[in-house]
Structure formats: structure tokens, C-alpha cells
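S.K.: The structure that follows is given in the form of C-alpha cells.
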Amino acid sequence: GLFTPEMLSSFAKTAPDPSFVIRPEKGAKMGDILAAINALRVSPKADMRIEVDADLNIFVPKKMGPNAGPLKPNPLTLVVNVDERSNITLNGENEGSFPNTSKLEQHLKQIFKAREENGVLRPGTNTIEMTVMVKLSKNMTFGDLTNLARAVKSGGSDRIGLQVDESDIVMEVEMIRR
């Protein structure tokens, strides 16, 4: 059956260590998906990911706790945004128009190659930082998110996250291990 955001929020608050896997239908609107995610993100303990298919998951950053302290900007953060007019940007730079993601994929490959050559590591690891946060306008669909995530993966990213709100791009996101 269907759950209202209130039902999801109540469930997430009462679970001791909630973990959620979201599997939307291809036609689901991003606005509805974000409403469900926000209902489940009531606890800073909630682990959440969107399952695209067996080889592709998109993580959802944990909600900041009330005692989290000041947010620290991560200068390595890459954010891909697709606005309501289908314009694609990477950290504010124009990367063409969705669904044509070839320019974005090439730019990501260049960035990750440079990071590899320069030893740019994910904080606290010995791994090259290749995390990309994605954000789509609310009128786009899960199918669009899937296509964008595949393009980002094709560009070399090994870790894709969904930007749910502005704090998701300034915090240093915890690594999710599978």
C-alpha cells in the first residue's frame, strides 16, 4: 500500500537504526520522491539509498543532527544540477541540455583523471575523491534521475548522492559501505 509522509516520518522516528532502500517507479516525480525522503530523514541515524538497479545505487546523505555544530565546506564537492529548463550544470558551469550528457561525462572524466594524477583523496581514506552529488528539478522523473546517474557513473564517479537540501553540499558526507 501507499504511505503518507506522516506515516513514514512516524516509522522513521521509532526505528532504532533505520535503514531504507527506495525503489521508485520510472515515472515518479522528483518532488514526490523528495517528499518521501524528507519524511524518512527525520532521524540523523537513518541510512538511505535509492536503488536504480543491481549495479547502481544513489546514496541519500544523513540529516544533520541538532548538535552537529557548524558545517564545514568540502572544496572537493562536485554538484550536477538539472534545472526546470533541462539545463545541466556542474558546480555552476554549463554542461549542455538534458538528456544530452556527453559534455558532462567528458568533463567529469577530465576532473577525475586530474584528481588521480594529483592524488586528491576522499577525506579520511586512501581513495581518490570521485563523489558527485546530483540535483534535479522537482518536475523531472525518477527515469531522468536514473539517466543522469548513469551518465555520472560513465564519467567515472564511484559514488553518487542525491542532494536533498542545501546542507547536503556543504557537509562532508560520511562514506556508506555496502
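S.K.: Which of rounded, prolate, oblate describes segment 71-135, given a ≥ b ≥ c as roots of the alpha-carbon gyration tensor eigenvalues and a/c under 1.5 marking rounded, otherwise prolate only if a/b is larger than b/c?
M.R.: oblate
S.K.: Shifting gears a bit: With a ≥ b ≥ c taken as the square roots of the eigenvalues of the C-alpha gyration tensor of segment 17-111, please select rounded if a/c is under 1.5 and otherwise prolate if a/b is larger than b/c or oblate if it is not?
M.R.: oblate
S.K.: Can you tell me what share of the DSSP beta bridges in segment 14-166 is antiparallel? A percent to the nearest 5 is fine.
M.R.: 45 percent
S.K.: I'd like the GluC sites (Glu not before Pro) in segment 70-155 restricted to DSSP loop residues with at most 15 other Cβ atoms within 10 Å, sorted by number.
M.R.: Sites meeting the loop and neighbour criteria: GLU84.
S.K.: Which length gain, in nm to one decimal place, applies between THR89 and ASN38 when the Cα-Cα distance is subtracted from 0.36 nm times their residue separation?
M.R.: Contour length minus the Cα-Cα distance gives 15.9 nm.
No value in this document is a laboratory result; all are computed from the given coordinates. Bear in mind that the values here come from a model prediction, so they are computed numbers and not experimental data. Every residue, glycine among them, receives a Cβ derived from its backbone with ideal geometry; neighbour counts consider all protein chains shown.
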